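Structure first, commentary second.
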Amino acid sequence: MTEIQKPYLSRFPDAEGYFGKFGGSFIPPEIKTQMDAIAEAYEKFSRTHAFQSELQRIRVHYQGRPTPVYHAQNLSDYCGGGQIFLKREDLNHTGAHKLNHTMAEVLLAKMMGKKKVIAETGAGQHGVALATAAAYFGLACEIHMGEVDIAKEKPNVIRMKLLGATVVPVGFGAKTLKEAVDSAFGAYLQDPESQLFAIGSVVGPHPFPKMVRDFQSIVGKEAKAQFAEMMGGLPDNVVACVGGGSNAMGLFSAFIEDPVAIYAVEPLGRGTQAGEHAASITYGEEGVLHGFNSIMLKDAQGEPGAVYSIASGLDYPSVGPEHAYLSSIKRTQAVTIGDDEALDAFYTLSRKEGIIPALESAHAVAYAMKLAKEKPYETILVNLSGRGDKDLDFVTETYGFGN
Ligand SMILES: *Cc1c(COP(=O)(O)O)cnc(C)c1O
C-alpha cells in the first residue's frame with residue numbers, strides 16, 4: 001500500500017483546492033469571487049456549534065441516521081466465501097446518500113443569507129435531494145433539466161414540483177445534462193449574491209470537492225465504527241461506485257490512512273470503446289472540465305467524450321479530483337463493472353437478501369461479489385448508495401424479472 005501523508009484529511013486539499021495536481025478552480029474571475037466567498041463561509045460556519053448541532057439534529061431526526069451496516073450472509077454464501085457487509089445508504093430519507101450533502105449545502109446557504117438554491121439535474125436525483133433540503137429550510141429552489149431527461153424521468157420531475165421546486169426545462173442543444181449545466185449556470189450568474197449554486201457531487205471548482213466530501217464523510221465514520229463493533233477491527237476491502245464520486249469519498253475518507261484495500265467501481269456500460277462506457281479514471285486522461293482539473297474522457301477534438309451506462313447517475317465524463325489523485329498515487333484502485341454484471345447484481349441482491357439496489361449501487365455490489373469469490377477469507381464493506389425504486393420500471397420493462 002502507498003504511504004499516505006498524514007493526517008490526510010486535513011492536508012488534502014490544500015488552500016487552493018488541490019489534491020496533488022488535481023482540483024483547483026478554473027473559472028472566470030466573477031465566479032471565482034463567489035466560490036471564494038463560499039469557501040470562506042464554509043470554513044467559518046462549519047466550525048461553529050450552531051452549524052454542527054443543527055446538522056447533527058437533522059442527521060438523526062430527519063434523515064434517520066445512522067443507517068445500519070448489514071452483514072449480507074445469504075449473498076456472501078452464494079458468492080462463495082468472502083463476507084459482504086452493506087452500508088445501507090438506501091435507508092436514508094429519500095432513498096440515497098445525496099441528502100447527506102444537500103442538507104448541509106442548504107444549511108450553509110441559509111447561514112450565508114441566501115434566498116435560493118439553484119442546480120442542474122440529469123436523472124433528477126440531485127434535483128430531488130436539493131428540493132427536499134430547500135423545502136426543509138424554507139429556501140426557494142430552481143432546478144434546470146433537459147427536456148429529453150424531463151420526458152424520461154417523470155416521477156422525479158413530479159417529486160421536485162411537489163417539494164415546491166421550480167423545474168426549468170432546457171430546450172437547446174441535445175437537451176440533456178450538459179445543456180442543463182449551462183442553463184443553470186447562466187441563471188445563477190444573473191444574481192449570484194442571493195443564490196447558491198449547489199453542486200451535486202465531489203466535482204466542480206474549489207471548495208465543492210472538499211465540502212461535499214466532508215458532508216458525505218458521515219457515511220465512512222459511521223460505517224467504520226459499526227463494522228468495528230460487529231467484527232472487532234477494520235474491513236479488508238471497501239468498495240463503492242463512482243459517478244462524480246461523492247458516495248465513494250464519503251466511505252473512503254474514513255479508511256485512507258488504514259491498511260484497507262479501496263476499490264472505486266466505474267461503469268463499463270456496453271464495452272471498452274469510446275462512448276460505450278463512463279469509466280473516466282480507467283480510460284481517461286488529464287483535463288479541465290466544469291472548472292476543475294481531473295481525469296476525463298475526451299473525444300478526438302479534446303472535448304468531453306460521450307458517455308453511457310445503464311445507471312444514469314454514473315454517466316459523467318470526468319471524476320472528482322480527489323479520486324483522480326488517490327488513484328494516481330495508487331491508494332485506491334479503479335475497477336470496472338459492465339451493464340450485464342450490474343444487472344445480475346441488481347437481481348441477485350433482490351432475490352438473496354430482499355434488498356433492491358439502485359442500478360448505480362448495483363455496480364459496487366457486483367464488484368463485491370467478484371471479490372468475495374477471489375478472496376474467500378476476507379471481509380468486504382460496500383456502500384449501498386441508494387435504493388432501486390427509481391429503476392424498477394426501466395429494468396423490468398427492458399430486461400424482465402431475472403432468472
Ligand atoms: C447520484 C448517485 C450516484 C452517483 O453519484 P456519486 O457522486 O458518484 O456518488 C450513486 N448512487 C446513487 C444511488 C445515486 O443517486
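The values are calculated or read from the model by the stated rules, or taken from the named source; none is laboratory data. It should be emphasised that the depicted structure is a prediction, and the values quoted were computed from it without experimental measurement. Ideal geometry is used to build each Cβ from the backbone, glycine not excepted, and the neighbour counts take in all protein chains shown.
A compact table of results
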{"quantity": "Lone qualifier among 308, 325, 347, 316 - being under 14 Å from residue 19 (Cα atoms) and either surrounded by fewer than 24 Cβ atoms within 10 Å (Cβ to Cβ) or touching a residue at least 60 places away in the same chain (Cβ under 8 Å) (or both)", "calculated": "325"}
{"quantity": "Selection count, segment 109-132, where residues are within 28 Å of residue 390 (Cα to Cα) and outside any helix (DSSP H, G or I)", "calculated": "9"}
{"quantity": "Segment 12-70, residues that are assigned to a loop (DSSP other than H, G, I, E, B), within 23 Å of the chain's Cα centre (by Cα) and closer than 21 Å to residue 191 by Cβ", "calculated": "25, 27"}
{"quantity": "Residues (closer than 28 Å to residue 14 by Cα, without any contact (Cβ under 8 Å) to a residue 40 or more places away in the chain, of a type in the set (Gly, Ala, Ser) and not in a helix (DSSP H, G or I)) located in segment 279-301", "calculated": "284, 287"}
{"quantity": "Any helices (runs of 4 or more DSSP H) falling wholly within segment 309-403 and containing at least 1 residues that are within 16 Å of the ligand (Cβ to nearest atom), modelled with pLDDT under 95 and outside the structural domain of residue 264 (by TED's automatic domain parsing)", "calculated": "none"}
{"quantity": "The listed residue being in contact with a helix residue (DSSP H, G or I) (Cβ under 6 Å, 6 or more places away or on another chain) and under 24 Å from residue 275 (Cβ atoms), out of 365, 395, 319", "calculated": "319"}
{"quantity": "Segment 97-121, residues that are within 16 Å of the ligand (Cβ to nearest atom) and aliphatic (A, V, I, L, M)", "calculated": "99, 103, 104, 119"}
{"quantity": "Among residues of segment 169-220, those that are more than 19 Å from residue 110 (Cβ to Cβ) and among the aromatic types (Phe, Trp, Tyr), counted", "calculated": "2"}
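Condition check ((1) more than 10 Å from the ligand (Cβ to nearest atom); (2) free of Cβ contacts under 8 Å to residues at least 24 places away in the same chain; (3) not hydrophobic (A, V, I, L, M, F, W, C)) across all residues:
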| position | (1), (2), (3) |
| --- | --- |
| 216 | no, no, yes |
| 222 | yes, no, yes |
| 225 | yes, yes, no |
| 231 | yes, no, no |
| 235 | yes, no, yes |
| 245 | no, no, yes |
| 249 | no, no, no |
| 253 | yes, no, yes |
| 260 | yes, no, no |
